[in-house]
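Report on the following structure.
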Amino acid sequence: MEYTEFVLSDEFAVNFSSEILEDTSSDTTRVILAGEERVRSYLAPYGAESEEINFVCNHLEHISFFWSYHGGKKTLIAACKDQKDLYLRNLGVQVVDQLLMLKTKQVDIFVDKDIIVEKAKHFIQSALLWNYKFEMKTRGKTHLLSEFNFKFERPLTNEDLPELDFYKTAVFSTLMVRDMINTRANVATPEYMEKIIRHISSSTDKIPSFNVIQGKELEEQGLEIFYSVGKGAAIDPRLVHFVYKGNPDSEDIEYAIVGKGITFDAGGLNIKLKPEDMYCDKTGACTTAGILKGVIELELKINICFAFAIAENSVDANSYRPSDIYKSYKGLTVEIANTDSEGRLVLIDTFSYIQEQYNPKRIIDLATLTGTTMIALGDKANGLFTNDEEFAKAYITRGKEMHENSWILPIFEEHKQDMISDVSDLMNRGPDTKGHSSRAAAFMLNFINEGTSWLHVDYYGPAHLKSANPPHPKYATGFNTQTVLNLLRKHE
């Protein structure tokens, strides 16, 4: 990824071409992604004995792949028994596992003409996502593939290549997000986050102004609540914001993508009992950075505001306190019922500020805000909260296309009432933990202007896994990066 100053992985090479399978002298390991009807014809030329061929073909219900050795070359025949998306995704993981087991560096993957590109892309997406490992070891590092060459027997059309390139870009954006999230808080400070975002932004001339409000400047400019969250940390909180001007002929900002970036959440004075995983509370900002990377590389012709609400929620004599009352940028007063409900505080001031500055038509905020969405939905789906159900449905549709699921959760009038304080306009946490995710969303809805479509993506569950869920690894997954890129590229 060429961030020599930062701890991020290198990208591996991915190439697409149309090519007929031939018996060449190349030593590169081969994979043949074969339609079920053609498995037999592919096995014979690669040295398999007839009884082996018969065994494989008669047991395809249980066998997905078969290694063949011929002339010193290794060929993996992967049987595409059906072209359902889930099967192809699982097959992509299985093939990469086989290649990694043999310490393969480069692979040529030939795609049978019976497998259409529209289906093959799911195999490709899964294989590339699975070729990942975050580690900072100095010895015994995990082996990964360095080059994938996908060679299609079917001629690639003018529609196929942009689609394949989109999937490649979406995957690499996701892998960068994983690296950023997994980077621990002693490295990934608010300053580090700003530097990475600035570095990504510098790769295009479509961002005319890169803006940062930092430290006491937040308080001086009226973002008092935002500042209060990070003022107990050693490194200043900051709001990074700018517009990607993909459509210079329009002044309209179609979307604002807002990421919660709590680089470490100790909970503040309401200190967490088990904060070990809280380096991942910056997931929303990291995801937003990955989306920015993808948008720039895809050269999307749309105007988008990007905003990163970055702070560390730490403990110090300067830390904000339970019972404090602050005035928000919008003017509403907020009582701090709990300092461990900090993410919504940096977000509300960010919402108000970017609406005043940029007036976006739609806001998507990405946040590992509450653990209770995971209780409701597990670790394989986002919880969505919205004031525009059609917007949420569009997000769900674009997410399903990328194998990232979401579910709409409610904001009832009772949830709104629960967030009213006796001594201020609002409080940042309800009187108990019932309906905690819906109450948090109800609280934030107060800071969305009338006429602005808002989608709150609460995804603590799928953002960071305790064990692998292939093609997502243990720890950070990069979830939602591909969904948002898919939504933005299909904007009408």
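The values are calculated or read from the model by the stated rules, or taken from the named source; none is laboratory data. None of these values were measured; they are calculated from a predicted model. Heads up, the Cβs are rebuilt from the backbone with ideal geometry, glycines too, and the neighbour counts pull from every protein chain shown.
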- Collect the residues in the stretch 441-460 that are under 15 Å from Met374 (Cβ atoms) and either touching a Ser or Thr at 6+ places or on another chain (Cβ under 6 Å) or β-branched (Val, Ile, Thr) (or both), keeping them in residue-number order. Val457, Asp458, Tyr460
- Please indicate, with yes or no, whether at least one residue in the stretch 258-265 is modelled with pLDDT of 95 or more, under 19 Å from Leu175 (Cα atoms) and touching a Cys at 6+ places or on another chain (Cβ under 8 Å). yes
- Task: Output yes when any residue across the stretch 334-349 is part of a helix (DSSP H, G or I), over 14 Å from Gly230 (Cα atoms), in contact with a Ser or Thr (Cβ under 9 Å, 6 or more places away or on another chain) and of a type in the set (A, V, I, L, M), and no when none is.
- Result: yes
- Hey, Thr174 over 19 Å from Phe16 (Cα atoms) and not acidic (Asp, Glu) or not: yes
- Task: Report yes if some residue within the stretch 373-386 is in contact with an Asp or Glu (Cβ under 8 Å, 6 or more places away or on another chain), in contact (Cβ under 8 Å) with a residue 60 or more places away in the chain and farther than 27 Å from Thr477 by Cβ; otherwise report no.
- Result: no
- Residue check: is Thr263 assigned to a helix (DSSP H, G or I) and over 21 Å from Gly430 (Cβ atoms)? no
- Would you say Ser202 is surrounded by fewer than 22 Cβ atoms within 10 Å (Cβ to Cβ), polar (S, T, N, Q) and free of Cβ contacts under 8 Å to residues at least 24 places away in the same chain? yes
- Picking from Glu335, Glu414, which residue would you name as being surrounded by fewer than 16 Cβ atoms within 10 Å (Cβ to Cβ) and either among the charged types (D, E, K, R) or touching a Phe, Trp or Tyr at 6+ places or on another chain (Cβ under 8 Å) (or both)? Glu414
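For a quick check of your reading: which helices (runs of 4 or more DSSP H) sit entirely within the stretch 80-190 and have at least 1 residues that are in contact (Cβ under 8 Å) with a residue 60 or more places away in the chain, surrounded by 22 or more Cβ atoms within 10 Å (Cβ to Cβ) and more than 23 Å from the chain's Cα centre (by Cα)?
Working: elements: 85-101, 117-130, 160-182.
Here the list reads 85-101.
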- Odd one out for Phe308, checked against (1) buried (at least 24 other Cβ atoms within 10 Å of the Cβ); (2) part of a loop (DSSP other than H, G, I, E, B): (2)
- When you look at Val243, is it closer than 19 Å to Gly294 by Cβ, in the same structural domain as Leu369 (by TED's automatic domain parsing), outside any helix (DSSP H, G or I) and of a type outside the set (Lys, Arg), yes or no? yes
- So Glu492 fits all but one of (1) under 21 Å from Met180 (Cα atoms); (2) of a type outside the set (A, V, I, L, M, F, W, C); (3) at pLDDT below 95; what number is the exception? (1)
- Task: Can you give me the number of residues within the stretch 418-438 that are of a type in the set (Ser, Thr, Tyr), modelled with pLDDT of 95 or more and either surrounded by fewer than 18 Cβ atoms within 10 Å (Cβ to Cβ) or assigned to a loop (DSSP other than H, G, I, E, B) (or both)?
- Result: 2
- Message: Tell me yes or no: at least one residue of the stretch 209-232 is in contact with a helix residue (DSSP H, G or I) (Cβ under 6 Å, 6 or more places away or on another chain), buried (at least 17 other Cβ atoms within 10 Å of the Cβ) and part of a loop (DSSP other than H, G, I, E, B).
- Response: yes
- Task: Within the stretch 374-393, identify whether any single residue is surrounded by fewer than 19 Cβ atoms within 10 Å (Cβ to Cβ), more than 29 Å from Asp324 (Cβ to Cβ) and among the hydroxyl-bearing types (Ser, Thr, Tyr), and answer yes or no.
- Result: no
- Task: Check whether at least one residue in the stretch 407-417 is closer than 24 Å to Ile354 by Cα and either in a loop (DSSP other than H, G, I, E, B) or more than 19 Å from the chain's Cα centre (by Cα) (or both), and report yes or no.
- Result: yes
